[in-house]
Amino acid sequence: MTAYDVEQGDAVHPGDPVRVDRYTPGARVNHWITATCLVLLAISGLALFYPTFFFLTALFGGGEWTRAIHPWIGVVLFFSFAGLFLRFWKANLWRAEDGTWLARLRYVLTNEEDKLPEVGKYNAGQKVVFWSMSILIIILICTGIVIWDQYFYPLTSIEQKRWAVLVHSLAAVTIICVWIVHVYAAIWLRGTFAAMTRGQVTGGWAWKHHRKWFKELVTGKVSDRATGS
Amino acid sequence: MAFEFELPPAPNTDVKPMFGEADLVRRSASSVPPPARKLTEMAKLIDVSKCIGCKACQVACLEWNDRTERIGFNYGVYDNPVDLTPESFTVMRFTEWVNPETQNLEWLIRKDGCMHCEDPGCLKACPSPGAIVQYSNGIVDFDHEKCIGCGYCIKGCPFDIPRISQVDHKAYKCTLCSDRVAVGQGPACARTCPTHAIVFGTKEEMKQHATDRIKDLQSRGYKNAGLYDPPGVGGTHVMYVLQHADKPEIYAELPKDPRISPIVVFWKGLTKYAGMAAMGAFAAVGVLHYLVSGPNTVKPRDEEDAERLVGGRRS
């Protein structure tokens with residue numbers, strides 16, 4: 001069996017409990033830069049979309065600063081996310097078991113994971129989040145540039161800008177919903193948060209949630225190097 | 001030797017603006033209490049048939065509003081500047097049109113600028129509370145202190161009027177000389193127009209005046225002469241008398257049936273509410289799910305299984 005979704009840096013450390021390296025320091029820093037940008041973009045974007053939230057512009061130094069800084073944060077996020085994409089895209093390719101997993105989503109919600117197929121480094125839910133984020137960020141940066149009047153005003157017509165601002169807001173609402181799913185899953189599934197902070201999860205967590213990945217890690221080639229000491 | 005002189009008394013110290021904050025009927029990204037009184041609706045009437053294209057209105061506008069237009073570029077046409085700018089709130093747009101019925105060359109000169117819509121798209125699109133306001137006399141005004149320069153007003157406007165300054169990144173357009181109207185004066189352009197092609201008064205008076213003008217034009221063979229007061233935006237407080245009111249588009253693309261773009265209406269309407277509902281629903285389902293099912297925890301048995309797998313391999 002090929003270790004298709006064991007990534008660089010994934011490793012198992014025997015002990016009580018078993019510790020599993022899930023994210024490299026680089027991936028974690030990359031993730032948190034992206035996360036910070038996304039939160040700042042959501043706050044400033046909501047402030048410019050909903051009059052009720054306009055007061056949030058104060059966090060950025062007022063309305064003008066919010067208008068000026070929002071697109072630049074978007075640019076940082078775009079490149080930061082591009083880094084995450086390059087790191088994670090391979091392990092997020094759709095696999096046979098993902099369809100089954102998604103079809104049995106209700107067992108996920110009822111904590112009956114024994115009724116689900118074993119999954120690799122990412123389950124179908126995480127893959128949906130990953131690909132949604134990827135597509136939405138491309139939509140957001142493209143439509144964002146169209147409405148970034150300070151630098152790109154002459155390049156498009158007013159009608160195109162109207163479409164862009166509408167699509168931008170729809171994509172933004174969608175990505176916030178995806179983000180809620182992402183954050184909720186990290187809170188709900190105990191032991192997950194540590195993966196993105198310290199980079200490690202327990203063996204039990206890996207066994208419970210990503211058994212295929214864990215088994216590969218222990219039995220496959222990559223795990224040989226990591227646990228061979 | 002010291003100079004000794006007395007400053008002349010400031011003129012008109014007792015002049016009080018005749019309308020203000022209390023007369024707002026609309027305020028961008030916020031609401032206003034219904035005003036206690038209703039001002040008489042005012043309007044500017046531009047009689048295109050009387051315009052001689054002298055651009056005195058452009059000069060008066062720059063002068064009164066204390067704007068300085070850059071030295072421009074001659075594009076080979078009379079339009080100068082060639083488009084509205086953050087400085088020039090009004091421009092004359094010249095069209096040479098051959099009337100297919102008479103084969104006459106007609107020189108159509110339309111003074112372009114803010115139409116002061118009854119239903120202003122700019123105000124609808126504006127995200128900054130109070131940056132765009134509408135008074136009960138019909139004047140739509142920008143408050144530059146509150147403008148954040150996002151350019152949403154440009155997307156909202158059905159007439160392509162507001163322009164963002166690259167200097168201070170704020171939106172500019174005709175104010176209908178709200179500061180002059182507030183002290184009983186007409187707009188600078190109307191005051192300066194040598195042929196009285198631009199006149200200013202109550203909307204009723206202006207409509208009456210237009211009716212007389214249209215009658216005159218019709219008696220001179222302009223059978224389609226008419227008033228441009230487009231109902232799609234609830235009527236405007238800048239109106240045109242057109243020789244060919246059935247074809248407003250020949251006047252440098254004056255829209256035939258202007259209305260706030262449905263895209264803007266959807267963006268500022270349903271998208272906003274549906275978006276809030278969607279985000280709220282996702283968050284609510286998350287909270288509910290947590291309350292009902294509790295956290296998903298890794299059990300000691302899972303850890304044992306993991307140790308067995310790792311240990312089993314090692315032994």
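Of B:Ser293, B:Ser261, B:Ser219, which residue is among the hydroxyl-bearing types (Ser, Thr, Tyr) and in contact with a Pro (Cβ under 9 Å, 6 or more places away or on another chain)?
B:Ser261
If we scan the stretch B:293-300, do we find a residue that is assigned to a helix (DSSP H, G or I), surrounded by fewer than 18 Cβ atoms within 10 Å (Cβ to Cβ), out of contact with any His (no Cβ under 8 Å at 6 or more places or on another chain) and facing chain A (nearest Cβ under 7 Å)?
yes
This table checks each residue for (1) hydrophobic (A, V, I, L, M, F, W, C); (2) more than 9 Å from chain B (Cβ to nearest Cβ).
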position: A:Leu136; (1), (2): yes, yes
position: A:Pro154; (1), (2): no, yes
position: A:Leu166; (1), (2): yes, no
position: A:Leu170; (1), (2): yes, no
position: A:Val178; (1), (2): yes, no
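May I ask you to say which residue of B:Gly72, B:Gly113, B:Gly121 is of a type in the set (Gly, Ala, Ser) and over 23 Å from the mean Cα position of the chain (by Cα)?
None of the other options fit; the residue is B:Gly72.
I'd like the residue in the stretch B:90-125 that is of a type in the set (A, V, I, L, M) and within 30 Å of B:Gly149 (Cα to Cα) and, out of all such residues, is surrounded by the fewest Cβ atoms within 10 Å (Cβ to Cβ).
For the stretch B:90-125, the residue satisfying everything is B:Met92.
Residue-wise test of (1) under 23 Å from B:Gly286 (Cα atoms); (2) touching an Asp or Glu at 6+ places or on another chain (Cβ under 6 Å); (3) within 14 Å of chain B (Cβ to nearest Cβ).
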site	(1), (2), (3)
A:Arg106	yes, no, yes
A:Thr110	yes, no, yes
A:Leu116	yes, no, yes
A:Gly120	no, yes, no
A:Ala124	yes, yes, no
A:Val128	yes, no, yes
A:Met133	yes, no, no
A:Ile147	no, no, yes
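Residues in the stretch B:244-263: is at least one modelled with pLDDT of 95 or more, at the interface with another protein chain (Cβ under 8 Å from one of its Cβ atoms) and under 32 Å from the mean Cα position of the chain (by Cα)?
There is at least one residue in the stretch B:244-263 that is modelled with pLDDT of 95 or more, at the interface with another protein chain (Cβ under 8 Å from one of its Cβ atoms) and under 32 Å from the mean Cα position of the chain (by Cα).
Specify the residue that is farthest from the chain's Cα centre (by Cα); the eligible residues are those in the stretch B:124-183 that are farther than 22 Å from B:Gly235 by Cα and acidic (Asp, Glu).
Checking each candidate, the answer is B:Asp168.
Does A:Ala68 count as within 21 Å of A:Ala186 (Cα to Cα), within 14 Å of chain B (Cβ to nearest Cβ) and among the aliphatic types (A, V, I, L, M)?
no
Yes or no: B:Asp47 of a type in the set (Asp, Glu), buried (at least 18 other Cβ atoms within 10 Å of the Cβ), farther than 24 Å from B:Tyr135 by Cβ and in contact (Cβ under 8 Å) with a residue 40 or more places away in the chain?
Criteria met by B:Asp47.
Kindly evaluate B:Leu62 against the criterion of being farther than 25 Å from B:Pro230 by Cβ, of a type outside the set (Ser, Thr, Tyr), at pLDDT 95 or above and not in a loop (DSSP other than H, G, I, E, B).
yes
Could you list, in sequence order, all residues of the stretch B:15-43 that are in contact with a Leu (Cβ under 7 Å, 6 or more places away or on another chain), buried (at least 16 other Cβ atoms within 10 Å of the Cβ) and assigned to a loop (DSSP other than H, G, I, E, B)?
Listed by number, the residues that qualify are B:Phe19, B:Ser28.
Any residue in the stretch B:1-30 that's under 30 Å from B:Ala125 (Cα atoms): show its pairings with residues that are modelled with pLDDT under 75 at Cβ separation under 7 Å, as long as the two are six or more apart or on different chains.
none
Kindly provide the set of residues from the stretch B:138-169 that are part of a loop (DSSP other than H, G, I, E, B), among the charged types (D, E, K, R) and at the interface with another protein chain (Cβ under 8 Å from one of its Cβ atoms), ordered by number.
Selection gives B:Lys146, B:Asp160.
If we keep just the residues of the stretch B:198-221 that are out of contact with any Leu (no Cβ under 6 Å at 6 or more places or on another chain), in a strand (DSSP E or B) and of a type outside the set (Ser, Thr, Tyr), which is nearest to B:Gly53 (Cα to Cα)?
B:Ile198
Could you count how many residues in the stretch A:168-181 are without any contact (Cβ under 8 Å) to a residue 40 or more places away in the chain and farther than 13 Å from A:Ile137 by Cβ?
4
Just to be sure I understand the filter: pairs with C-beta atoms under 6 Å, separated by 6 or more residues or on different chains, first member in the stretch A:184-207 and more than 7 Å from chain B (Cβ to nearest Cβ), second member buried (at least 21 other Cβ atoms within 10 Å of the Cβ) and of a type in the set (Phe, Trp, Tyr). Which pairs pass?
A:Ala195/A:Tyr23; A:Gly199/A:Tyr23
Which condition number does B:Val310 fail, the rest of (1) in a helix (DSSP H, G or I); (2) in contact with a Leu (Cβ under 9 Å, 6 or more places away or on another chain) being met?
(2)
Take the stretch B:178-201 and flag every residue that is polar (S, T, N, Q) and exposed (fewer than 14 other Cβ atoms within 10 Å of the Cβ).
B:Thr195
Where residues in the stretch A:163-211 are within 15 Å of A:Arg19 (Cβ to Cβ) and β-branched (Val, Ile, Thr), which of them is surrounded by the most Cβ atoms within 10 Å (Cβ to Cβ)?
In this case the residue turns out to be A:Val201.
Quick check on B:Val310: is it within 8 Å of chain A (Cβ to nearest Cβ), under 30 Å from A:Trp207 (Cα atoms) and crowded, with 17+ Cβ neighbours inside 10 Å?
Answer is yes for this residue.
For B:Leu227, which of the numbered conditions (1) free of Cβ contacts under 8 Å to residues at least 60 places away in the same chain; (2) of a type outside the set (Lys, Arg); (3) away from every other protein chain (no Cβ under 14 Å); (4) in contact with a Cys (Cβ under 8 Å, 6 or more places away or on another chain) fails to hold?
(4)
The values are calculated or read from the model by the stated rules, or taken from the named source; none is laboratory data. All values derive from a computational prediction rather than experimental measurement. Quick reminder, even Gly has a Cβ in these numbers, built from the backbone with ideal geometry, and neighbours come from all protein chains shown.
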